[in-house]
Amino acid sequence: MINGSSLAVLDAATYYHFVALATCIVLIVLHVHRWRQASKKLDSKLKRRMSTLGWATKESETESNRSIPLSITILDGELAKDKLVEHLQSRMDEDPAFFFRFRSKVEHGNFVVDPLFNTSRHVTEHILAEGETPHSISESLANKPLDEDLPLWAITMMHTGGKTWLVWRIHHCIGDGASLAMAFLKLSDAKDLPPELTTPPPAPKKKRTPFYVVWAQIIWSICMYMRKIFNVLIFPEPRTILKQNGNQNKRLGYTLEFNIADTKAVGKQFHATLNDVLVSCIAGALRRTIENETNTPVSQTLTLRAGIPVNMRGPSRISTTSNNFSSLMVDLPVGEADATSRMKIVAKRLAEAKFSLEKNFTQLFSQIVMRLPKDLMRQGVRWSASNVSIAITNVRGPPIDLYMCGHLMSASYAFVPPPPTVNVGVAITSWGKSLGVTVLMDTSIKQSPQYFIKAIEAEFQELRSSLKLD
């Protein structure tokens, strides 16, 4: 005999399987629809279909928010263009599988190998005119469209003061931050990269997690995720000066002047990571920026959402450039003026997001949205971005010195292109033993990126002083 509780369990299991089956059917239908959208022409060319995520980064971009990450690399000495072109061509020829997307044009949702591919068509040397600086030229290139008749990447090189500046622009559809970082390493002079740069060390064996703990985490994660969705639906993102209509022109700011030891020491007091500390300082800098822009105090209850990309790859080595990331949505207590209180709140919220299944749920939700018909997909992406005021990412540089064509890379700055309707992108970056941030800011915001960086530094000093570490 089956009692009532058994029937309830069966009903729950049946409902779960029905939902799982329905989700699979929807994904299959949407995938077939997207496949038809992306395959208007089939021919004998060597091609590779774009991933759903890569395709979405291309199709959802706007004139004010193009999906083109920009990086600045500074080399010691003056590097000749011909030497750089030859070096890049040689590196890409050595590993054609990894650099497949670098060598391919985008045609109808496919990467198609360019039969005329030559790195010389992607490298431009700019001679600085009077009044121009590498910084001003870099800003003019930020958000500038790439040539659609070529593979979607370009380098602009400049020489000044015995240094060579390389401004890289690589479309997001070619790869995300993790795979482009690997491409950067492969394009350097390094022949045999240290294992820690290519393959993470194997994780130590852990005791098997009890079944009830796994279910507790799943239930807790679902509750937390549903709470976030409810808040987004009920409480739209505040329309501060950060959420004005964006322009095509962007401004850049960057520094590597933060002290790693001091930042770690502050984080230790709160059982927080180095990134957590800087995210809290970024929240404080947002408050200062809004107050300076509006000349009015910010409400203590003001909360703004940050979108934080997360690499979804396992420990395996990255074999080619690609897109495989999700994101976390974190509420930043921007209105909290007390640095210590804000740090505690930020550390707690980041820990909840990082150790939950939020990134997995968001990835599943994104896969569904990105398989919708093109117009619906664009609306879905833009609606999601409309509920975020800032994009924050982490760019970890190599712990060793790198060279290109025999020239030491003395610094490198990577900028995160914020999604549509978002006007500020901040990357927490490291290079060797240096730590810093880069800021990409829309010109609709009056305050400069340099002001924003100084505000981050001021917030850090205020937080550090409150702990009396000296």
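The values are calculated or read from the model by the stated rules, or taken from the named source; none is laboratory data. Fair warning: this is a prediction, and the values are worked out from it, not measured in the lab. All Cβ positions, even for glycine, are placed from backbone atoms using ideal geometry, and neighbour counts span all protein chains on display.
Would you say L372 is farther than 30 Å from K163 by Cα, modelled with pLDDT under 95 and assigned to a loop (DSSP other than H, G, I, E, B)? When the stated conditions are applied, L372 passes them. The requirement of being of a type outside the set (D, E, K, R), at pLDDT 95 or above and within 20 Å of the chain's Cα centre (by Cα) is satisfied by L252. Listed conditions (1) surrounded by 21 or more Cβ atoms within 10 Å (Cβ to Cβ); (2) farther than 18 Å from H271 by Cβ; (3) not hydroxyl-bearing (S, T, Y) are all met by R342, apart from (2). Screening segment 283-303 for residues that are under 18 Å from S465 (Cβ atoms) and either without any contact (Cβ under 8 Å) to a residue 40 or more places away in the chain or in contact with a helix residue (DSSP H, G or I) (Cβ under 8 Å, 6 or more places away or on another chain) (or both) and picking the one that is surrounded by the fewest Cβ atoms within 10 Å (Cβ to Cβ) gives R288.
I'm trying to understand the selection: among the residues of segment 422-443, which are at pLDDT 95 or above and part of a loop (DSSP other than H, G, I, E, B)? Within segment 422-443, V422, N423, T443 qualify.
Being in contact with a strand residue (DSSP E or B) (Cβ under 9 Å, 6 or more places away or on another chain) and more than 26 Å from Y254 (Cβ to Cβ) is a property that does not hold for K81. Name the single residue that is farthest from R317 (Cα to Cα) among those in segment 149-193 being more than 14 Å from the chain's Cα centre (by Cα) and of a type in the set (V, I, T). Selected residue: T160. Applying the criterion of being aliphatic (A, V, I, L, M) and within 17 Å of I392 (Cα to Cα) to the residues of segment 346-360, the residue that is surrounded by the most Cβ atoms within 10 Å (Cβ to Cβ) is V346. The condition of being farther than 19 Å from L185 by Cβ, buried (at least 22 other Cβ atoms within 10 Å of the Cβ) and either under 22 Å from the mean Cα position of the chain (by Cα) or not assigned by TED's automatic domain parsing to the domain that holds S430 (or both) holds for only one of T57, T62, that being T57. For segment 81-133, a tally of residues being assigned to a loop (DSSP other than H, G, I, E, B), out of contact with any helix residue (DSSP H, G or I) (no Cβ under 9 Å at 6 or more places or on another chain) and within 25 Å of H172 (Cβ to Cβ) returns 4.
In segment 75-91, the residues that are in the same structural domain as L187 (by TED's automatic domain parsing) and of a type in the set (S, T, Y) never reach a residue that is in a helix (DSSP H, G or I) and at pLDDT 95 or above with C-beta atoms less than 6 angstrom apart, at least six apart or across chains. Annotation note: Cβ proximity below 9 Å between a residue of segment 323-348 that is more than 22 Å from T57 (Cα to Cα) and in the same structural domain as L304 (by TED's automatic domain parsing) and a residue that is among the small types (G, A, S) and in a strand (DSSP E or B) (sequence gap 6+ or interchain) occurs for D331/A306; L332/A306. The set of residues in segment 271-321 that are among the charged types (D, E, K, R) and touching a Phe, Trp or Tyr at 6+ places or on another chain (Cβ under 8 Å) contains only D276.
Please determine whether any residue of segment 375-385 is part of a loop (DSSP other than H, G, I, E, B) and either in the same structural domain as F235 (by TED's automatic domain parsing) or not aromatic (F, W, Y) (or both). No - not one qualifying residue is present in segment 375-385.
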